[in-house]
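*Asks:* The following block contains the structure, expressed as structure tokens.
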Amino acid sequence: MTADASPGPWQALALNHDIAAKLREMADLLAAQQADGYRIAAYRRAASAIDALTVSVDAIAREKGLAGLVELPAIGQGIGGAIMEMIATGRWTALERLNGQIEPERLFRTLPGVGPDLAHRIHDALHIDTLEGLELALHDGRFEGIAGFGERRIAALRAEVAERLGHRRIRAPASPASPSVAILLDVDREYREKAASGELRKIAPRRFNPSGAAWLPVLHAQRSGWSLTLLYSNTQRAHDLGRTQDWVVAYYHEAGGPESQCTIVTETRGPLAGRRVVRGREGDCIAHYAAIDSGRGGDDVTPT
């Protein structure tokens, strides 16, 4: 749908119902994967709120952007961002991730000037699969050194992604808050232990899975107000390096907030060699392990 095309009443309701159906599908997936009941209820409340609207969410988004969606009952920043993604692309990355259908390269190829090769580099080099994650990476310097992304292309992508996410002006997004490394390392430990013992539900990812086997374990957890979802990395690089049972991608958000992510790996060199490390937060990990080694303990971790 173009930015200046207004849907008729029937089309408006059809779009609303389609989005509500996806929100309910997410709730059902989370229930099947034994997620926290609050998250499940939040998606179902949002679905009911969208179904009850008499105007199109597309019209609200075009007029007021993300802020207009968040003004609606039961719609927080996180679900509002998901609705913006569905309006802009017709897809919802988080839902595709949990049902094993995610193909991040397809999402990135919808951006101007990004073909298959560049889309592959984005996903494999940065381990991101959402527009929100892409926007943050475009501003925090992670694109520096990635072949094919000069200043002009990065500036154009910043503008395009900001428009799709419903921002009313182009600006650098604030770095989202993150769980402590103690929380991330603790839930990483839980994930790997439960995956090894076969306790977790598994999905059959479409990518790099010609047999269609359900091999990828999923853990949903709660820690100190954070909702976290963990999966082993299913990138080309993880497969090439034999790290699909080591690299763990953690997706996290606070109640109603936007989702962010990080990757947790076993370090192979330096002072953290042999220990689990949150990529990009090595300094915090050094301090965390130093506290443990000295007998002072790491940061507080609230158990599930």
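The values are calculated or read from the model by the stated rules, or taken from the named source; none is laboratory data. None of these values were measured; they are calculated from a predicted model. Glycine also receives a Cβ, built like all others from the backbone with ideal geometry; neighbour counts cover every protein chain displayed. Note: accessible area is taken over every heavy atom of the protein model, side chains too, but ligands, DNA and RNA are not part of it. Shrake-Rupley method; radii C 1.70, N 1.55, O 1.52, S 1.80 Å.
*Asks:* What figure in square angstrom, to the nearest 10, would you give for the accessible area of Arg121 with a 1.4 Å probe?
*Replies:* 70
*Asks:* How large is the accessible surface of Leu53 in square angstrom, using a 1.4 angstrom probe and rounding to the nearest 10?
*Replies:* Leu53 has an accessible surface of roughly 30 Å² with all protein chains in place.
*Asks:* About its Cα centre, what dipole magnitude does the chain give when the only charges are +1 on Lys and Arg Cβ and -1 on Asp and Glu Cβ, stated in debye to the nearest 20?
*Replies:* Magnitude of the dipole: close to 240 debye.
*Asks:* Would you mind classifying region 25-109 by shape? Square roots of the alpha carbon gyration tensor eigenvalues, ordered a ≥ b ≥ c; an a/c under 1.5 is rounded, otherwise it is prolate if a/b is larger than b/c and oblate if not.
*Replies:* In terms of gyration-tensor shape, oblate.
*Asks:* Okay, moving on. How many percent of the accessible area of region 33-189 is carbon or sulfur, using a 1.4 Å probe? Don't skip to the end; give the middle numbers.
*Replies:* On the way: 3390 of 6680 Å².
Within region 33-189, the accessible surface is 51 percent carbon and sulfur.
*Asks:* Using Cα atoms only, what is the angle between the long axis of helix 151-164 and the major principal axis of the chain, expressed in degrees (0 to 90) to the nearest 10?
*Replies:* Approximately 60 degrees, to the nearest ten.
*Asks:* So what are the three principal axis dimensions of region 66-148 from its Cα atoms, in whole Å, longest to shortest?
*Replies:* 44, 28, 21
*Asks:* To continue, here is another question. Accessible surface of Lys64 in the full protein assembly, 1.4 angstrom probe, to the nearest 10 Å²?
*Replies:* Around 90 Å² of this residue is reachable by solvent.
*Asks:* What is the local net charge at Asp36, summed over the other residues whose Cβ is closer than 15 Å to its Cβ (Lys, Arg +1; Asp, Glu -1)?
*Replies:* +1
*Asks:* Now for a separate question. Of the listed peptides 141-149, 33-41, what is their order by residue-averaged count of other C-beta atoms within 10 Å, with the highest listed first?
*Replies:* Answer by packing, highest mean first, reads 33-41, 141-149.
*Asks:* Return the label of the correct value of P(r) over Cα pairs in 20 Å bins from 0, in percent, as calculated from the structure shown, out of (1) 36, 62, 3; (2) 33, 55, 12, 0; (3) 32, 59, 9, 0.
*Replies:* Computing P(r) over Cα pairs in 20 Å bins from 0, in percent and matching it to (1) 36, 62, 3; (2) 33, 55, 12, 0; (3) 32, 59, 9, 0 gives (3).
*Asks:* Here is a follow-up. Just want the answer: with Cβ charges of +1 for Lys and Arg and -1 for Asp and Glu, which residue in Pro104, Pro210, Gly81 is farthest toward the dipole's positive end in the chain?
*Replies:* Pro210
*Asks:* Output wanted: per-residue J couplings in Hz (rounded whole) for region 189-205, from phi through Karplus 6.51 cos²θ - 1.76 cosθ + 1.60, θ = phi - 60°, x for Gly and Pro.
*Replies:* 4, 4, 4, 5, 5, 6, 5, 5, 8, x, 7, 9, 5, 10, 10, 9, x
*Asks:* Compute the accessible area per residue over region 111-220, keeping the other protein chains in place, probe 1.4 Å, unit Å².
*Replies:* For region 111-220, the per-residue accessible area is 48 Å².
*Asks:* For His288, His239, write out the residues from largest to smallest accessible area, computed with a 1.4 angstrom probe and no ligands counted. Can you show the working numbers first?
*Replies:* Details: His288 25, His239 65 Å².
Largest accessible area first, the list is His239, His288.
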